[in-house]
1. Long-range amide H contacts for residue 95: which residues qualify at under 5 Å (H placed 1.01 Å from N, peptide plane, sequence gap of 5 or more or a different chain)?
2. What size of dipole, in debye to the nearest 20, comes out for segment 74-143 about its Cα centre when the only charges are +1 on Lys and Arg C-beta atoms and -1 on Asp and Glu C-beta atoms?
3. Can you tell me how much longer the chain between residue 98 and residue 73 gets when fully stretched, taken as 0.36 nm per residue apart minus their C-alpha distance, in nm with one decimal?
4. Whenever you get a sec, compute what percent of the accessible area on segment 34-171 sits on carbon and sulfur atoms (1.4 Å probe).
5. Checking a compactness column here: for segment 71-123, what do you get for Rg(Cα) / (2.2 N^0.38 Å), N being the number of residues?
6. Short version: ³J(HN,Hα) in whole Hz for each residue of segment 48-54, in order, from phi by Karplus 6.51 cos²θ - 1.76 cosθ + 1.60 (θ = phi - 60°), x for Gly and Pro, what are they?
7. State log₁₀ I(q)/I(0) for segment 132-171 at q = 0.21, 0.24, 0.28 Å⁻¹ as given by the Debye formula over alpha-carbon point scatterers of equal weight, solvent excluded.
8. With the convex hull built on the Cα atoms of segment 58-163, state its orientation-averaged projected area in nm².
Amino acid sequence: MTTTKHQQDSADSATGLNHFDQSGQAHMVDVGSKQDSHRVAIASGNIRMQPQTLAVIQSGTAKKGDVLGIARIAAIMASKRTSDLIPLCHPLALTHVSVEFAIDVEQSTITCTVRVETQGKTGVEMEALTAVQVGLLTIYDMSKAIDRGMVMGNIRVQEKHGGKSGSWSQA
């Protein structure tokens, strides 16, 4: 069965899932008629570890090198490769990616916060979330020799701006 663009749009709005057509088949969303706008997404997540692991990361004495420096580069690289990893994501020309790490000694956690921007037809939430996950995975990979029990969590989009739906923020 062939569906028209109008039928797909109707099916999309009826289900709220825009990656499926009327017959339930996956498709890449058509963003061709959308207007370019400045798009921003901020995502974050954290990794909890043993206090001695955090101390090694903070001191810069990990055997594999500067854990947070390498995790920052990995996160930036991941944001640029999101469409290679998530099947229905559009490849985007990112205009800015920043990665920040906040250390909480009392909780023995590191929080990774990523801001991604583009000028385009679709949002950058997936790029920000992918960057956070890969940043945290890199911390795990570089530190697992001293702490295999690290736990990643609380991964989320904190806010997004731009596009037809405008701004959204998680309280």
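The values are calculated or read from the model by the stated rules, or taken from the named source; none is laboratory data. A quick note: this is a predicted structure, and the numbers were derived from the prediction, not measured. No Cβ is skipped: glycine too gets one built from the backbone with ideal geometry, and neighbour counts run over all protein chains shown. The area values use the complete protein model at the heavy-atom level, side chains included, leaving out ligands, DNA and RNA. Shrake-Rupley method; radii C 1.70, N 1.55, O 1.52, S 1.80 Å.
1. Distant-sequence amide H within range of residue 95: 117, 118, 119.
2. Details: 4 positive and 8 negative charges, 65 e Å.
Charge dipole of segment 74-143: 320 debye, to the nearest 20.
3. Values: separation 25, 0.36 × 25 = 9.00 nm, distance 0.99 nm.
Between residue 98 and residue 73, full extension yields 8.0 nm more.
4. Details: 3970 of 7360 Å².
On segment 34-171, the fraction of accessible area on carbon and sulfur atoms equals 54 percent.
5. Values: Rg = 13.5 Å, N = 53, 2.2 N^0.38 = 9.9 Å.
Normalised by 2.2 N^0.38 Å, the Cα Rg of segment 71-123 equals 1.36.
6. With the stated coefficients, segment 48-54 comes to 9, 8, 5, x, 5, 5, 4 Hz.
7. With no solvent term, the Cα-only Debye profile gives -0.71, -0.80, -0.93.
8. That works out to 7.3 nm², a quarter of the Cα hull's surface.
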